[in-house]
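See structure below.
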Amino acid sequence: MEFNGINFDTYFKNYPDKDGYFGKYGGCFISDELTKAMQEITEAYFTICKSRKFIDELRRIRREFQGRPTPISHLERLSNKLGNVQLYVKREDLNHSGAHKLNHCMGEALLAKYMGKKKVIAETGAGQHGVALATAAAYFGLECDIYMGSVDIKKQAPNVARMKILGANVIEVTHGLATLKEAVDDAFDAYAKEYKDAIYCIGSVLGPHPFPMMVRDFQSVVGIEAREQFTEMTGELPDAIVACVGGGSNAAGFFSGFLNDPVEIYGIEPLGRGPKLGDHAASLKYGTEGIMHGFNSIMLKDENGDPAPVYSVASGLDYPSSGPEHAFLRDLGRVKYDVINDDETIDAFFELSRMEGIIPAIESAHAVAYGIKLAKTMSHGSVLINLSGRGDKDMDYVIENYGIR
């Protein structure tokens, strides 16, 4: 399939290029010393991760420890309520630890083990990446430092407790807005001092090369499974697929299975309280090109050109940029990026819970809300939504701030 001059038959061989670029987005904008560390990771990825031994071990871990493949569920009652369009969800909430994050964390931690590293370092917003990496560290016997903003620590107390129970050292970040961006800042600073004995396990398709590529590749298992399962279940491809996008790891992995198919693809960003700067985290819709955290992409900027303050009801989506591959796919027009606000998200959170017995993560509820909205515009067909995580972590916050609807 060719789209705007890009041959998607060979897309994954060509993007990113050898320097980590998806078109003009991506790259590696870091200090010379950290560049050497990234080169070490890149070389290890292209040798170790392509070996049969590594692949076999990762497949065994996914099967025996993570519980993969995760299923697809038909949302029959919700579909009947909406009309003639059939809604389905890919159940990453049933992946061990409750979200898609473990897919790349087990891969990164396994890579760290093969490289002889003793510690993994990461940031987290909603806590799902932190829990997943703490899980992987416990599995492989690695030390684990997780940086998390104080705002998110208060919002995501259950996940903070899980990380600590799993043996991770949770380091509170209090400067700036004390959310995901600041957690990334501090995690990078720590990694710069410890890179000889540690590996930084970025929580999304962000950061300097090779992380946008590496995380996407580890997450591609979601899209590969989903395409095979949906075709077996229905005899055809879905008409549309939908995933939430903050940094964009769940979406990148999910989309990868369908980029070469005649399927409409939607990435959904958080509109939050509205389009005013500081009230949302919809970088692909409202941002401009810029460099932060070692990569070039589309970002939200303040009057000085620095990363702007952002907001989302979902801690895992409140980041002022998005992965470089998403910026590339947006410019190509292969993926349509749109927004959903807080109220629509919380309505979908309760709707899926009540109609189908599935409590979604608030992040995932953005995709559910858009899937419902999209279905209402269609006369027939099917929509497959990536349910990237479960909502256990969000229940106290939702009840405290929105009550029981």
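In the set E400, E325, E344, E356, which member is farther than 25 Å from A252 by Cα, open to solvent by 10 Å² or more (accessible area, probe 1.4 Å) and in contact with a helix residue (DSSP H, G or I) (Cβ under 8 Å, 6 or more places away or on another chain)? Show your work before the answer.
On the way: E400 fails: in contact with a helix residue (DSSP H, G or I) (Cβ under 8 Å, 6 or more places away or on another chain); E325 fails: farther than 25 Å from A252 by Cα; E344 fails: farther than 25 Å from A252 by Cα.
When all the criteria are applied, what remains is E356.
Under 7 Å by Cβ, and 6 or more places apart or on different chains, what pairs join a residue from the range 318-346 that is under 28 Å from K155 (Cβ atoms) and modelled with pLDDT under 95 with one that is among the aliphatic types (A, V, I, L, M) and surrounded by fewer than 24 Cβ atoms within 10 Å (Cβ to Cβ)?
Within 7 Å, no pair qualifies.
Would you tally the residues in the range 218-236 being in a helix (DSSP H, G or I) and either without any contact (Cβ under 8 Å) to a residue 40 or more places away in the chain or of a type in the set (K, R) (or both)?
Start the filter on the range 218-236 by keeping residues that are in a helix (DSSP H, G or I), which leaves 218-234.
Narrowing further to those that are either without any contact (Cβ under 8 Å) to a residue 40 or more places away in the chain or of a type in the set (K, R) (or both): 220, 223-224, 227-228, 231-232.
Residues in the range 218-236 being in a helix (DSSP H, G or I) and either without any contact (Cβ under 8 Å) to a residue 40 or more places away in the chain or of a type in the set (K, R) (or both): 7 in total.
Can you name every residue in the range 193-217 that is open to solvent by 40 Å² or more (accessible area, probe 1.4 Å), under 18 Å from I30 (Cα atoms) and outside any loop (DSSP other than H, G, I, E, B)?
If the condition is that a residue be open to solvent by 40 Å² or more (accessible area, probe 1.4 Å), under 18 Å from I30 (Cα atoms) and outside any loop (DSSP other than H, G, I, E, B), then K193, E194 are the ones that fit.
Keeping to the range 81-117, report how many residues are within 22 Å of M38 (Cα to Cα), out of contact with any strand residue (DSSP E or B) (no Cβ under 9 Å at 6 or more places or on another chain), in a helix (DSSP H, G or I) and not aliphatic (A, V, I, L, M).
Residues of the range 81-117 that are within 22 Å of M38 (Cα to Cα), as a first pass: 101-117.
Those still in the list that are out of contact with any strand residue (DSSP E or B) (no Cβ under 9 Å at 6 or more places or on another chain) too: 102-104, 106-107, 110, 113-114, 116.
With in a helix (DSSP H, G or I) added as a condition, the list becomes 102-104, 106-107, 110, 113-114.
Imposing the further condition that a residue be not aliphatic (A, V, I, L, M) reduces the set to 103-104, 107, 113-114.
Selection size over the range 81-117: 5.
Considering only the range 204-251, state which residues are closer than 15 Å to C105 by Cα and among the hydrophobic types (A, V, I, L, M, F, W, C).
Scanning the range 204-251 gives V205, L206, F211, M213, M214, V215, F218, V221, V222.
Of the numbered conditions (1) open to solvent by 20 Å² or more (accessible area, probe 1.4 Å); (2) under 20 Å from V151 (Cα atoms), A314 fails exactly one; give the number of that condition.
(1)
Which condition number does A252 fail, the rest of (1) more than 21 Å from the chain's Cα centre (by Cα); (2) within 22 Å of M214 (Cα to Cα) being met?
Of (1) more than 21 Å from the chain's Cα centre (by Cα); (2) within 22 Å of M214 (Cα to Cα), only one is false for A252: (1).
Does L277 satisfy being assigned to a loop (DSSP other than H, G, I, E, B) and closer than 30 Å to F46 by Cβ? Can you show your working first?
On the way: assigned to a loop (DSSP other than H, G, I, E, B): yes; closer than 30 Å to F46 by Cβ: no.
No, not satisfied.
What number of residues within the range 2-11 satisfy the criterion of being free of Cβ contacts under 8 Å to residues at least 24 places away in the same chain, within 10 Å of N260 (Cα to Cα) and in a loop (DSSP other than H, G, I, E, B)? Steps first, answer last, please.
Here is the first cut: in the range 2-11, the residues free of Cβ contacts under 8 Å to residues at least 24 places away in the same chain are 2, 5, 7, 10.
Filter once more, so that each one left must be within 10 Å of N260 (Cα to Cα): 2, 7, 10.
If we keep only those that are in a loop (DSSP other than H, G, I, E, B) as well, we get 10.
Of the residues in the range 2-11, 1 are free of Cβ contacts under 8 Å to residues at least 24 places away in the same chain, within 10 Å of N260 (Cα to Cα) and in a loop (DSSP other than H, G, I, E, B).
Tell me which of these I55 doesn't satisfy, since it passes every other one: (1) open to solvent by less than 40 Å² (accessible area, probe 1.4 Å); (2) among the aliphatic types (A, V, I, L, M); (3) without any contact (Cβ under 8 Å) to a residue 40 or more places away in the chain.
Unmet condition: (1).
In the range 251-264, how many residues are touching a residue at least 40 places away in the same chain (Cβ under 8 Å) and over 17 Å from F12 (Cα atoms)?
Kept after step one, since they are touching a residue at least 40 places away in the same chain (Cβ under 8 Å), are these residues of the range 251-264: 251-256, 259-262, 264.
If we keep only those that are over 17 Å from F12 (Cα atoms) as well, we get 262, 264.
The total comes to 2.
Which residue pairs have Cβ atoms under 6 Å apart, sit 6 or more places apart or on different chains, and have a first residue in the range 150-164 that is in contact (Cβ under 8 Å) with a residue 24 or more places away in the chain and a second that is of a type in the set (S, T, N, Q) and part of a helix (DSSP H, G or I)?
Taking only residues 6 or more apart or on different chains, the pairs are D152/S315; K155/S315; Q156/S315.
Could you please give the count of residues in the range 54-88 that are more than 24 Å from Q229 (Cα to Cα) and at pLDDT below 95?
Within the range 54-88, residues that are more than 24 Å from Q229 (Cα to Cα) and at pLDDT below 95 number 0.
Given the conditions (1) of a type outside the set (S, T, N, Q); (2) touching a strand residue (DSSP E or B) at 6+ places or on another chain (Cβ under 9 Å); (3) closer than 17 Å to R390 by Cα, which single one is not true for L166?
Result: L166 passes all but (3).
Listed residues L94, L78, L87; which is more than 20 Å from E143 (Cα to Cα), of a type outside the set (D, E) and open to solvent by 30 Å² or more (accessible area, probe 1.4 Å)? Steps first, please.
Working: L78 fails: open to solvent by 30 Å² or more (accessible area, probe 1.4 Å); L87 fails: open to solvent by 30 Å² or more (accessible area, probe 1.4 Å).
Of the residues listed, the single one that is more than 20 Å from E143 (Cα to Cα), of a type outside the set (D, E) and open to solvent by 30 Å² or more (accessible area, probe 1.4 Å) is L94.
Of the residues that make up the range 115-122, is at least one more than 22 Å from I165 (Cβ to Cβ) and open to solvent by 30 Å² or more (accessible area, probe 1.4 Å)? Break it down stepwise before answering.
Taking the range 115-122 and keeping what is more than 22 Å from I165 (Cβ to Cβ), we get 115-117.
Cutting the leftovers down to open to solvent by 30 Å² or more (accessible area, probe 1.4 Å) gives us 115-116.
Within the range 115-122, one or more residues are more than 22 Å from I165 (Cβ to Cβ) and open to solvent by 30 Å² or more (accessible area, probe 1.4 Å).
Please verify whether the range 222-233 includes one or more residues that are closer than 25 Å to M299 by Cβ and not aromatic (F, W, Y). Step through it out loud before you land on a result.
First pass over the range 222-233, keeping only residues closer than 25 Å to M299 by Cβ: none.
No, because not a single residue in the range 222-233 is closer than 25 Å to M299 by Cβ and not aromatic (F, W, Y).
In the range 39-80, which residue that is under 21 Å from the mean Cα position of the chain (by Cα), aliphatic (A, V, I, L, M) and in a helix (DSSP H, G or I) is nearest to I202 (Cα to Cα)?
I41
Return the total of residues in the range 237-256 being in a loop (DSSP other than H, G, I, E, B), buried (at least 24 other Cβ atoms within 10 Å of the Cβ) and not aliphatic (A, V, I, L, M).
The initial filter retains those residues of the range 237-256 that are in a loop (DSSP other than H, G, I, E, B), namely 237-239, 245-248.
Keeping just the survivors that are buried (at least 24 other Cβ atoms within 10 Å of the Cβ) gives 238, 245-248.
Add one more test, that the residue is not aliphatic (A, V, I, L, M), and what stays is 238, 246-248.
Adding up the residues that qualify gives 4.
Could you go through the range 12-30 and let me know if any residue there is on the phi < 0 side of the Ramachandran plot, outside any loop (DSSP other than H, G, I, E, B), surrounded by 11 or more Cβ atoms within 10 Å (Cβ to Cβ) and among the aliphatic types (A, V, I, L, M).
No, the conditions are met nowhere in the range 12-30.
The values are calculated or read from the model by the stated rules, or taken from the named source; none is laboratory data. Everything numeric in this text was worked out from a predicted model, so none of it was measured. Here Cβ is always computed from backbone atoms with ideal geometry, including for glycine, and neighbour counts include all displayed protein chains. Heavy atoms of the whole protein, side chains included, go into the accessibility calculation; ligands, DNA and RNA do not. Shrake-Rupley method; radii C 1.70, N 1.55, O 1.52, S 1.80 Å.
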